[in-house]
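Reading through the structure tokens given below for one structure.
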There are 2 protein chains.
Amino acid sequence: MIALRTLLFLYLLILFDGCTGTTNNEDSDATKRPFNFVILFADDLGYGDLGVYGHPTIRTPRLDKMAGEGQKWTNFYVGASVCTPSRAALLTGRLPVRNGMTSRINRVLFPDSDNGLPAEEITLAEQLKKAGYATACVGKWHLGSKEQYLPTNNGFDYYYGIPYSNDMDNVADMKAIGGYMKFWSSEAHRSINSFNVPLMRNTEVIERPANQHTITKRYTDESIKFMAGHKSSPFFVYLAYNLPHVPLFASETFEDTSPRGLYGDVVEEIDYNVGRVLDTLTAMGLAENTIVVFTSDNGPWLIMNQEGGSAGLLRNGKGSTWEGGMREPCIFWSPGNIKPGLVTGIGSTMDLYTTFSTLAGVPIPNDRVVDGVDLSATLFKGDPSPRNEMFYYRGDWLYAVRVGDYKAHYITQEAYEPEFTRHDPPELYNISVDPSEKFDIAADHPEIIEQINEVVRKHNEKLIKGLDMLKDRGNQKLN
Amino acid sequence: MIALRTLLFLYLLILFDGCTGTTNNEDSDATKRPFNFVILFADDLGYGDLGVYGHPTIRTPRLDKMAGEGQKWTNFYVGASVCTPSRAALLTGRLPVRNGMTSRINRVLFPDSDNGLPAEEITLAEQLKKAGYATACVGKWHLGSKEQYLPTNNGFDYYYGIPYSNDMDNVADMKAIGGYMKFWSSEAHRSINSFNVPLMRNTEVIERPANQHTITKRYTDESIKFMAGHKSSPFFVYLAYNLPHVPLFASETFEDTSPRGLYGDVVEEIDYNVGRVLDTLTAMGLAENTIVVFTSDNGPWLIMNQEGGSAGLLRNGKGSTWEGGMREPCIFWSPGNIKPGLVTGIGSTMDLYTTFSTLAGVPIPNDRVVDGVDLSATLFKGDPSPRNEMFYYRGDWLYAVRVGDYKAHYITQEAYEPEFTRHDPPELYNISVDPSEKFDIAADHPEIIEQINEVVRKHNEKLIKGLDMLKDRGNQKLN
């Protein structure tokens, strides 16, 4: 493995000529240049699925090292517990309930959905374009697959990836197999031909079905190429791996290598490719000019059994407003800039919008509510996180609210159960002391519940719900 | 905190004169000298309770760093899921079912127990004495509190600590409080005066009740003093912290500082003191001559709620033969000797016996079964672990057996439930793929069950059960 990596590194040095012989910035005003931003985004990765977040058999030496050199956040949240709204939150800095990428039920866009992210939403890419950034979206999009909704119409100069989830366009004969869940335990789901997902470059389909065995590597290749091609201008790369969302596919190099099985192979391949990105930035002399962040879109898809991930000690997973559904590993890296260490304060993917916009000198839109906060002082100086609140929506319903250490659940529901339960007073957990949400302390702390209720009242006062863009599907109008 | 540590470090440099001005070994034949051994042993610490094992709010920078510089083992087991037999396994290299430190039920020694570790057992300390080691036991013993069973009669030159668990000699009025479990949610358990536990030096009681607020620091002080006093001879220090076993006590410096609450304060104080041990070894120039290992005696005591720890993604805790009961964090450290990295192979506290004896040049007793294996090649060269099997006893009953990745449960039982269930065929889990023991694959793999059955047959052939030394208690003969 090491020999392979050495070769690859040499290959990169040759490929990007100009960077050989110097590992520092070539231009002397480097420090005055705005930071490049690279968001590495996994799909359905659980809180407990990396070595440095406690997994015993998934080996992630590169992410572990990234955490050691950078900041490891342990209370970092996504904006929703499923894919489409979570990605919309990251790219708009706004809760999905505001930006239209949520619905009465907790759902996502489908290949036949008519709609996508509303044009009036201002993505992080559109923000950074105002400051002259070169912008690329590589990987899974899932904010609308009709042309007007694609990345190139949302602030990205370049797009290479799949427009929705890797388990969509499912062409296997579900009836013959015996239904959707049976399919996932049948061999049919191991074939890329069961999923007629298109791979696109900008607005063109270039491969169908996308060969998912090599897709993690190819996403990384494309991202590296983009960075190398824009090393003299500031760039923003949003590299959204579509794995370890099922169906799981690894390359020949990684298949059957992890003690954790195929899920481990896939995560270890992502880890390796994260390493390639960091090595390339270092080799190009851009490491100190770039902020890289690694996280994922939502918790593990537990109903996928061994092919789903683990939320570690957190409760429940993808689809739920328990911690396991919405808290993710999050690692920031920028040698010489990010203050190395552990951050136990609260952060959110929405904060990337505000932090990166601010660092690029682009004002935050003031004609709408933006939910992100600027994390710079935490990242650079180790100050306490300025975020004190977290809203846990399921669909367009507010299920739970965290204020400081305390989280009140007004409604609880398991990820894939139809029944929900309203609580008055809400269930109350001290998330710092009791990260597994085992000990309801509501009876002992009515005063904390009152504080959280007040936060909810203020939140609701300012809330203008976006028009639900998820409910319409071209072929099957859902209500 | 950093200023405090700097001061302390300077203090150490002054205290141990002779080491100032040199951080390397003073004698030139240092490399020929046998290794010193330091076993740092926590009590009831869960698999998920350290930063580097995934806890979000317990901050363990020193143990995390130790893991980064050393080897982090993620499949490391203790010999039993409760205190006395687990400690007996570590110190004899033998399963408790052989050495007499187990019983029909899963129990431990009490202050009124007549017995202790049989004299014919050869402890690791007795082994190392044969090679001229200076030996100290600092902290919790729990292998017999009558004089003939104390550490100084079991191969240790020096003993400083409490002879059994820190929750024993309980003098609170349980009846008035409403019973044992009520006691643990009452304020009474926050007083050191509720526990009349003696602190001993060698065979003398020097303080009663032991002041547990300062005990972690004092254990560390004593260990450091012992190492400093024996730096020119090889030494073995068994430093067995009696926390985070309940009752939890932290010093003023640590109390109310951890986001995880009191349990976090206590673990963070241990972390800090582990750092002191490593810093002292480094300052004395002995780091490269010493192998330090950190682990714990059994999984978290889950019935203690917020004052018990977390097994992370592992199932169940202390008292059970699920992974959460018997798998522990384990970190080996010896700069320049231990090959840094992650080890996902199997290891056991019993292997410390065999490994350290072998490194000291002391033959393993050949008149009895010793269960330990020599881990040296894994520690020094990163070779695969030579251990392929693990036997999970509950009391003197064999509940489960792991062979390679697979674990067969012949009997299952929750930690504190009286009901047990026999399984024929056994439940079968792939522990590497499914560390949380969620997916029973027995029906698909009768051939693996047959292999494990064969291992059990061979194990039973050689098994001579030790005489049960736990069932007799001075005041209350239990059967």
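In table form, for the structure just shown:
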| item | result |
| --- | --- |
| Positive dipole terminus of the protein assembly as shown, leading residue within B:T216, A:F380, B:T60 (C-beta point charges) | A:F380 |
| Under 5 Å, built H, 5+ apart or other chain: amide partners of A:S113 | A:G474 |
| FRET efficiency, 1/(1 + (r/R0)^6) with R0 51 Å, evaluated for B:D221 and B:N388 via beta carbons | 0.80 |
| Segment B:392-461, dipole about Cα centre (Lys/Arg Cβ +1, Asp/Glu Cβ -1), debye to the nearest 20 | 220 |
| Per-residue average of Cβ from other chains inside 10 Å of A:44-56 | 6 |
| Which of B:G264, B:V97, B:F76, positive extreme of dipole for chain B (C-beta unit charges) | B:V97 |
| In order through segment A:335-347: 3J(HN,Hα) via Karplus (6.51 cos²θ - 1.76 cosθ + 1.60), integer Hz, x for Gly, Pro | x, x, 10, 6, 7, x, x, 9, 10, 9, x, 8, x |
| Charged-residue dipole, Cβ positions (Lys, Arg, Asp, Glu), segment B:33-387 about Cα centre, Debye nearest 20 | 600 |
| Relative contact order of chain B, pairs being alpha-carbon contacts under 8 Å that are 6 or more residues apart, as % | 25 |
| Estimated FRET transfer efficiency (A:E147, A:V171; beta-carbon r; R0 30 Å; 0.05) | 0.85 |
| Number of partner chain Cβ atoms within 10 Å, mean per residue of A:263-271 | 0 |
| Segment A:392-462: relative contact order as a whole-number percent, Cα under 8 Å and 6+ apart | 23 |
| Under 5 Å, built H, 5+ apart or other chain: amide partners of B:N170 | B:N196 |
| Cβ neighbours within 10 Å from other chains - mean over B:344-353 | 1 |
| Mean Cβ count within 10 Å, highest first, over the residues of peptides B:441-450, B:161-170 | B:161-170, B:441-450 |
| Dipole magnitude (debye, nearest 20) for segment B:352-479, charges at Cβ of Lys, Arg, Asp, Glu | 620 |
| Reachable lysines from A:K462, criterion Cα separation under 22 angstrom, eight or more residues apart if same chain | A:K407 |
| Surface/4 estimate of mean projected area, convex hull on alpha-carbon atoms of the protein assembly as shown, nm² | 39.4 |
| Order by protection proxy (mean Cβ within 10 Å, highest first), peptides A:301-309, A:350-358, B:420-428 | A:350-358, A:301-309, B:420-428 |
| DSSP-defined beta bridges in chain A - what % are antiparallel, rounded to 5 | 55 |
| From phi via Karplus (6.51, -1.76, 1.60), per-residue ³J(HN,Hα) for segment A:352-361 in Hz, x at Gly/Pro | 4, 4, 6, 5, 6, 4, 5, 4, 7, x |
| Computed lengthening from B:R201 to B:E450, 0.36 nm per intervening residue step minus Cα-Cα distance | 84.5 nm |
| Rh by Kirkwood over Cα pairs, then Stokes-Einstein D for segment A:392-462 at 0.890 mPa s and 25 °C, µm²/s | 196 |
| Over 25 Å (Cα to Cα) - which of B:K140/B:K217; A:K318/A:K465; A:K146/A:K471; B:K130/B:K458; A:K72/A:K225 fall in this group | B:K130/B:K458; A:K72/A:K225 |
| Ascending list, in nanometres, of distances separating the A:N202 label from those of the other copies (7 Å, Cα toward Cβ) | 8.7 |
| Protection proxy ranking, peptides B:64-74, B:90-100, average beta carbon neighbours within 10 Å, highest first | B:90-100, B:64-74 |
| Integer Hz, Karplus 6.51/-1.76/1.60 couplings in order for segment B:449-457, x for Gly and Pro | 4, 4, 4, 5, 4, 5, 4, 5, 4 |
| DSSP beta bridges in the protein assembly as shown [antiparallel fraction, %, rounded to 5] | 55 |
| Tail fraction, Cα-Cα pairs, segment B:33-387, threshold 33 Å, whole percent | 19 |
| Sequence-distant lysines (8 or more away, or on other chains) whose Cα lies within less than 23 Å of A:K175 | A:K477 |
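None of the figures in this text is laboratory data; all of them are computed from the coordinates on show. Just so we're clear, the structure is a prediction, and the values are computed from it rather than from any experiment. Quick reminder, even Gly has a Cβ in these numbers, built from the backbone with ideal geometry, and neighbours come from all protein chains shown.
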